[in-house]
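To start, the structure itself, in structure tokens.
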Amino acid sequence: MSIKYLFDEKKLRENFLILEKVFNLKFSKLQKKNFLLKEGFKIRVTKHEGKPDALLLYKVLIDDKFTADYFRNHIAGLIKDLENEEIKNLHIFIPAYKAVKKYFDSVEYYYQTFVEGLLLGNYIFDKYKEEKKKVKSMNILLYGENEKAITSAIKKAETVNVGVSFTKDLQNEPANVLTPAELAVSIRSRLAKEGIKVTIFNENEIEKRKMGGLLAVGQGSSNKPRFIVLRYKPSSKSKKRKKIALVGKGITFDTGGVCVKPAQGMIEMKADMSGAAVVAGAMLAAAKAKLSVEILGIIPSAENMINGEAMRPGDVITTASGKTIEVGHTDAEGRMVLADALDFASKQKPDEIIDFATLTGACVVALGQNAAGLFTKYDELADKLYNTGAKTFERVWRLPMWDDYNKANESKIADVNNDGGRWGGAITAAKFLENFVDKKIPWAHIDIAGPAIYHELNNYSKTFMTGFGVRLMFEYLQSK
């Protein structure tokens, strides 16, 4: 089978004649007429003899709705549509780069979106099904103007996808399997193979280090918390290389604690460790690509459960930084574990700190599942993350970090309250975190509560947790 794309232009009629000659086939008058209509976008022609057996022809409109995600998304949907067909060879003819040049920063990345579409569309998580889908073999051949760029794009897309798939596998694991201890073991067993040093603090070490925020959140569960430290150092000894700290929230299940969530609100809470999964996946991809930046990964992991020892509203917790937190709401647990993690990260003196967390429903209310919330006072860092998000289509949108919002987090009996109130919840959560970051270190908080969870916006995000953030962060780290 062959896949061919045509841009909606004046030469469409001429292209029909060329394609008929090249592929030795004939389009019917009705097919041509329908395809040339504004609503027409697809023709499928089957040949009884000769190759290709079938040709799928798509019309692409380069208009205000066209984005850098177009081909990634289309190919992801196409590969799913074809999974029940018996296809040995799939030939994909990539359109000329010139027509879409303004949407991509290089021809290589343009090609990469096609490969990513194939890989993302092919993802499945069926390890707990008795009857698994039969694995089929298909040869996929890509044709474009620049063979060297295609080869490079394939290699890079496959490397990045290793990280994306690992992240998605972690996100999709049920919480009865992926406890904090199991999350730590899973990350160590996979990342250590790529030369990443993995250190795991158990509850005794966490207590010794006075990480009260993490201990308080985890004290209501029989599955005790873990604090995971990942270190990737490139082989190059350059004195100019950057050291970036990535911090990821690792709540393996969140009931809401004593301030319990409604049943419907718990269904997706196995993925409340998505920030941790993004950190692990991004570092895995970075190590496989042998990026020249030093990366420190920090993951505080716990279950927010309910028993007689669970933290209560009104409790006052002392964190590793020495600052105290009044527990205003037990379902604002993510910021408490991140408090200890951000303090730990700051003490390692990195050049930048970036944290990922499914932190607030308020961020989803504000931005939907289309984008993650970006919170930082550093304009250069914000611009780089925004531009990288636009390139990868893992988009971020900046929200204010004005100090006026600090008042919402004030406590009468402690340094800060973890409940910022009803209004501006995503912002007040970010302002809470700011208390635990060294002010001399550029820091960005990325709230991925919306795009991390499966949704209907893209063909590659409909069924399983999405792995959002890995492509964004890999591209960002690669630029360092």
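Phi angles of the range 111-127 translate, via the Karplus equation with coefficients 6.51, -1.76, 1.60 and θ = phi - 60°, into HN-Hα couplings of 5, 4, 5, 5, 5, 4, x, 4, 6, 5, x, 8, 6, 8, 10, 10, 5 Hz per residue; Gly and Pro are given as x. Considering only 360, 291, 305, the residue lying farthest towards the positive end of the dipole of the range 267-364 is 291, judged by Cα position with unit charges set on Cβ.
Per residue, how large is the accessible surface of the chain? Use a 1.4 angstrom probe and give square angstrom.
Result: 47 Å² per residue.
Shown here is the pair-distance distribution of the range 170-264: with all Cα-Cα distances grouped in 5 Å bins from zero up to the longest one, the shares run 2, 11, 18, 21, 18, 12, 8, 5, 2, 1, 0 percent.
Determine the calculated [θ] at 222 nm for the chain from helices alone, applying -39500 (n - 2.57) to every DSSP H run no shorter than 4 residues and normalising by the residue count; nearest 500 deg cm²/dmol. Present the calculation step by step, with values, prior to reporting the outcome.
Details: 15 runs with 171 residues, N = 480.
After summing the helix terms and dividing by residue count, I get -11000 deg cm²/dmol.
Highest average first, the peptides 309-319, 429-439 ordered by how many other beta carbon atoms sit within 10 Å of their residues are 429-439, 309-319. With respect to the chain, whose longest principal axis is taken over its alpha-carbon atoms, helix 147-172 is tilted by about 40°. The dipole here belongs to the chain: it is taken about the Cα centre, uses +1 on the Cβ of Lys and Arg and -1 on the Cβ of Asp and Glu, and is about 1940 debye. Dimensions of the chain along the principal axes, based on C-alpha atoms and rounded to the nearest Å, stand at 79, 51, 43, largest first. Pairs exceeding a 28 Å alpha-carbon distance, out of 243/412; 270/412; 65/148; 47/80; 80/384: 243/412; 270/412; 65/148; 80/384. One compactness figure for the range 230-314 is 1.48, namely its Cα radius of gyration divided by 2.2 N^0.38 Å. For the chain, with all protein chains in place and a probe radius of 1.4 Å, 50% of the accessible heavy-atom surface sits on carbon or sulfur. Considering the zone a paramagnetic label at residue 457 would reach in this model (a point 7 Å from Cα along the Cα-to-Cβ line), which residues of the range 391-429 have amide N under 18 Å from it? Label zone hits: 391-400, 426-427.
The values are calculated or read from the model by the stated rules, or taken from the named source; none is laboratory data. Predicted, not measured: the structure shown is a model, and the values here were computed from it. Ideal geometry is used to build each Cβ from the backbone, glycine not excepted, and the neighbour counts take in all protein chains shown. Ligands, DNA and RNA are stripped out before the accessible areas are found, and what is left, the full protein with its side chains, is counted by its heavy atoms. Shrake-Rupley method; radii C 1.70, N 1.55, O 1.52, S 1.80 Å.
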